[in-house]
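*Asks:* So that we are looking at the same thing, I have put the structure below in structure tokens.
Bear in mind these aren't lab numbers, they're just calculated from the coordinates by the rules spelled out. None of these values were measured; they are calculated from a predicted model. Neighbour counts are summed over all protein chains in view; Cβ atoms, including those assigned to glycine, are modelled from backbone coordinates with ideal geometry.
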Amino acid sequence: MVRCWIRICLRSVLLGWALSQTVQASEGFSQWFDTFKASATDAELHDFLYGMPKGGDLHQHLSGSIFSEWWWALALGPPAQGEVFYTRLQFGNCAPIGRASEHEQLLFQTISQYRYDQLAACERGLFTELSQLKPAEQQAWMNSVRLDQPSEGRDEFFETHWQRLGDVIANPWIMAEALALHIKAFADEGLVYLEPQITLMGYRDQTGRALSPGDVASIFRARLKQPDVVDTGVTLRFQQSILRFLPNAEAQLKQAYRIVSEEPEWVAVNMVGREDDDRGHPLRFLETIRGLRQQYPNVRLSIHAGEVDEPNYHVRDTLLLGADRIGHGFNLISDPQTLVQMRHGPYLIEINLISNLLLEYVSELSQHPFPEYLRLGVPVALATDDRGMWDSTMTDEYFVAVKSFNLSWDELRLLIKNSIQYSFLTSESKSGLLNALGARLMAFEKHWQTQDPTQIGVLKSGPKRGFICRNYDLCERQ
């Protein structure tokens, strides 16, 4: 017993030391960064932040995080395991027959061969094999799952993007390869930890046969063991997500708890889906979760709450469910009592600036409550949410945060630290990542501190994707 307490105390000391090393800047660098920030062009600032060592991304939906051109290549390439896809290019007056009519009259709805074969001839005529699309049609297909037009917004995102991807995201081999691409891109940005929301439910093979969660987990593990993923050094844990507003959401929640209790890489449950659909309100699940807590000792909760633009008590009610982290927390600002209770932890808010802007919870970033949370002492971390549909990166999240709210270097370090400290890793794993991350940040600071902050010039350029190109003058070099 004494040895056990010694080990616990030692782990706590080491974790506390690691945290202090990560959050403290080397002497003088905070002033260097302020000078650099005041004189840098947008391109220089973005490239600096691209090269900056980063912690983790705690809030990302895998199926919303894959770039459109990746989806195209995956659906037509070897990861599809020979599956052939068709997409709707026309409207018609056909009588709905077969399961493919679930999203009738939705352009670019994509279905598998086995579902296409169930259609009547009239309906089949509305679909074209994906590989046969003309270049303009191919571009339109990719644009259909990007939120890149002023006329698009919340309804387009929640009600059409996911449905258009359709059977593509029900293929676990495609999703496993998408995850590998995802990991490598984040590693290039300097991240060391990812905690994607990936369901193990709802997959099937090329014939439409349902696959068990265990079978799907094995497919993911096999891909993640390949050298190209292992060599990134990125640490991974997963969240099992469910749609909160469905009639059978309670049954899905029970299945999600079973998955997290059985699959070692799955560490938490998350309830997703638009919160302005009151069928998924938090207290609907209170008794179900209380019953599940009697059975399962090892399931954590990181739940969407406050992703609405009207006042309510969803954040408070989600904490009552047992959540350790709050996704978005946008309207927490309208609940002062809960806001005060969240100061200085132990709960974290996962901040998604670009998501909240494009889904019109704010019309401009200056309206976002993020700096109030940060400077009031509420633990926060930046996250990407659905970067594939925004056509953005984690660097973009840091860039818009610095540009919009004049973040200091110490605040950047705090955000990086929080993204590891509030992860669902074990204390030992957190300590190891924070130690390594602290060393990388110190080296990064020492490198730049030798440079004149007003004369940086051209840096190693990171990728500039659609969101940053549309909103900032950063793409002239690409």
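*Asks:* Go ahead and estimate [θ] at 222 nm for the chain from helices alone: -39,500 (n - 2.57) per DSSP H run with n ≥ 4, summed, over the residue count, rounded to 500.
*Replies:* So the calculated ellipticity at 222 nm is -13000 deg cm²/dmol.
*Asks:* In whole Hz and in residue order, list the ³J(HN,Hα) couplings for segment 435-447 that follow from phi through the Karplus curve 6.51 cos²θ - 1.76 cosθ + 1.60, θ = phi - 60°; x for Gly and Pro.
*Replies:* 4, 5, 5, x, 5, 5, 5, 4, 5, 4, 5, 5, 4
*Asks:* Show me, for segment 315-326, the HN-Hα J-couplings you get by feeding each phi into the Karplus relation (A = 6.51, B = -1.76, C = 1.60, θ = phi - 60°), rounded to Hz, glycine and proline as x.
*Replies:* Result, rounded to whole Hz: 5, 4, 5, 6, 4, 5, 5, x, 5, 8, 9, 10.
*Asks:* Next question, about the same structure. Determine, at each q value in 0.35 (inverse angstroms), the log₁₀ of I(q)/I(0) that the Debye formula gives when each Cα of segment 261-302 is one equal point scatterer.
*Replies:* -1.23
*Asks:* Restricting to Cα pairs below 8 Å that are 6+ residues apart, what does the relative contact order work out to for segment 84-165? Please round to a whole percent.
*Replies:* Numbers: 95 pairs, mean separation 28.6, N = 82.
So the answer I get is 35 percent.
*Asks:* Once a ≥ b ≥ c are taken as the square roots of the eigenvalues of the Cα gyration tensor of segment 207-350, is the result rounded (a/c under 1.5), prolate (a/b larger than b/c) or oblate (a/b not larger than b/c)? If you can, show how the numbers build up before the last one.
*Replies:* Values: a/c = 2.01, a/b = 1.53, b/c = 1.31.
Judged from the Cα gyration tensor, segment 207-350 comes out prolate (a/c at least 1.5, a/b above b/c).
*Asks:* May I ask you to order 47-56, 80-89 by the average number of other C-beta atoms within 10 Å around their residues, highest value first?
*Replies:* Details: 47-56: 23.3, 80-89: 18.7.
Ranked from most to least packed, the peptides come out as 47-56, 80-89.
*Asks:* Taking the C-alpha atoms of segment 84-165, how large are the radius of gyration and the largest Cα-Cα span, Dmax, in Å?
*Replies:* Just the Cα atoms of segment 84-165 yield Rg and Dmax of 12.7, 37 Å.
*Asks:* A further question on this structure: How would you classify segment 348-478 from its alpha-carbon gyration tensor, with a ≥ b ≥ c the square roots of the eigenvalues: rounded for a/c under 1.5, else prolate if a/b is greater than b/c, otherwise oblate? Walk me through the numbers on the way to the answer.
*Replies:* Working: a/c = 1.62, a/b = 1.08, b/c = 1.50.
Because a/c hits 1.5 or more and a/b fails to exceed b/c, segment 348-478 counts as oblate.
*Asks:* Tell me which GluC sites (Glu not before Pro) from segment 216-276 have a DSSP coil assignment and no more than 15 other beta carbons within 10 Å of their own. Spell out each step's value before the answer.
*Replies:* Values: sites: E250, E262, E265, E275; in loops: E265, E275.
Here the GluC sites (Glu not before Pro) that fit, given the DSSP loop and packing criteria, are E265.
*Asks:* Shifting gears a bit: Which GluC sites (Glu not before Pro) in segment 362-465 sit in a loop by DSSP (not H, G, I, E or B) and have at most 16 other Cβ atoms within 10 Å of their own Cβ?
*Replies:* Numbers: sites: E364, E372, E397, E411, E428, E445; in loops: E364.
In loop regions of segment 362-465 (DSSP not H, G, I, E or B), the sparsely surrounded GluC sites (Glu not before Pro) are E364.
*Asks:* Please list, ordered by chain and number, the residues whose modelled amide H lies under 5 Å from the amide H of V380; skip anything fewer than 5 residues away on the same chain.
*Replies:* I349
*Asks:* Okay, next question. Which far-off residues, 5 or more places away or on another chain, put their amide H under 5 Å from the one on H304, with H placed in the peptide plane?
*Replies:* Residues meeting the amide H criterion: M271, G327.
*Asks:* Please work out the ratio of the alpha-carbon Rg of segment 88-244 to 2.2 N^0.38 Å and round it to two decimals. Walk me through the numbers before you get to the answer.
*Replies:* Values: Rg = 17.7 Å, N = 157, 2.2 N^0.38 = 15.0 Å.
Here the answer is 1.18, to two decimals.
*Asks:* Please say if segment 189-275 is rounded, prolate or oblate, where rounded means a/c under 1.5 for a ≥ b ≥ c the square roots of the C-alpha gyration tensor eigenvalues, and otherwise the choice is prolate for a/b larger than b/c and oblate otherwise? Spell out each step's value before the answer.
*Replies:* Working: a/c = 2.13, a/b = 1.41, b/c = 1.51.
Judged from the Cα gyration tensor, segment 189-275 comes out oblate (a/c at least 1.5, b/c at or above a/b).
*Asks:* A further question follows. With θ set to phi - 60° and the Karplus curve 6.51 cos²θ - 1.76 cosθ + 1.60, what are the ³J(HN,Hα) couplings of segment 34-39 in order, to the nearest whole Hz, using x for Gly and Pro?
*Replies:* Values per residue, Gly and Pro as x: 4, 5, 4, 4, 6, 10 Hz.
*Asks:* Right, something else. Once you charge only the Cβ atoms, +1 for Lys and Arg and -1 for Asp and Glu, what is the size of the charge dipole of the chain about its Cα centre, to the nearest 20 debye?
*Replies:* Details: 45 positive and 59 negative charges, 325 e Å.
Dipole of the chain, to the nearest 20 debye: 1560 debye.
*Asks:* Enter the Cα centre distance for the pair segment 115-183 and segment 318-342, rounded to the nearest angstrom.
*Replies:* Result: 35 Å between the Cα centres.
*Asks:* How long is the chain along each principal axis, judged by its Cα atoms, biggest number first, in Å?
*Replies:* Principal extents (Cα only, largest first): 72, 59, 47 Å.
*Asks:* For the peptides 344-356, 429-441, what is the packing order when you average, over each peptide's residues, the other Cβ atoms within 10 Å and list the highest mean first?
*Replies:* 344-356, 429-441
*Asks:* Counting every Cα pair in segment 369-441, what percent are over 20 Å apart? Walk me through the numbers on the way to the answer.
*Replies:* Values: 984 of 2628 pairs.
Across segment 369-441, Cα pairs with separations above 20 Å total 37 percent.
*Asks:* Which angle between 0 and 90 degrees, to the nearest 10, do you get for helix 42-51 versus the longest principal axis of the chain when only C-alpha atoms count?
*Replies:* Once rounded, the angle reads 90 degrees.
*Asks:* While we're here: Between segment 211-238 and segment 47-73, what is the C-alpha centre distance in whole Å?
*Replies:* Here the two parts' Cα centres lie 17 Å apart.
*Asks:* Would you be so kind as to identify which of L89, Q132, V145 lies farthest towards the positive end of the dipole of segment 84-165, taking Lys and Arg as +1 and Asp and Glu as -1 on Cβ and the Cα centre as origin?
*Replies:* Working it through, the farthest residue towards the positive pole turns out to be Q132.
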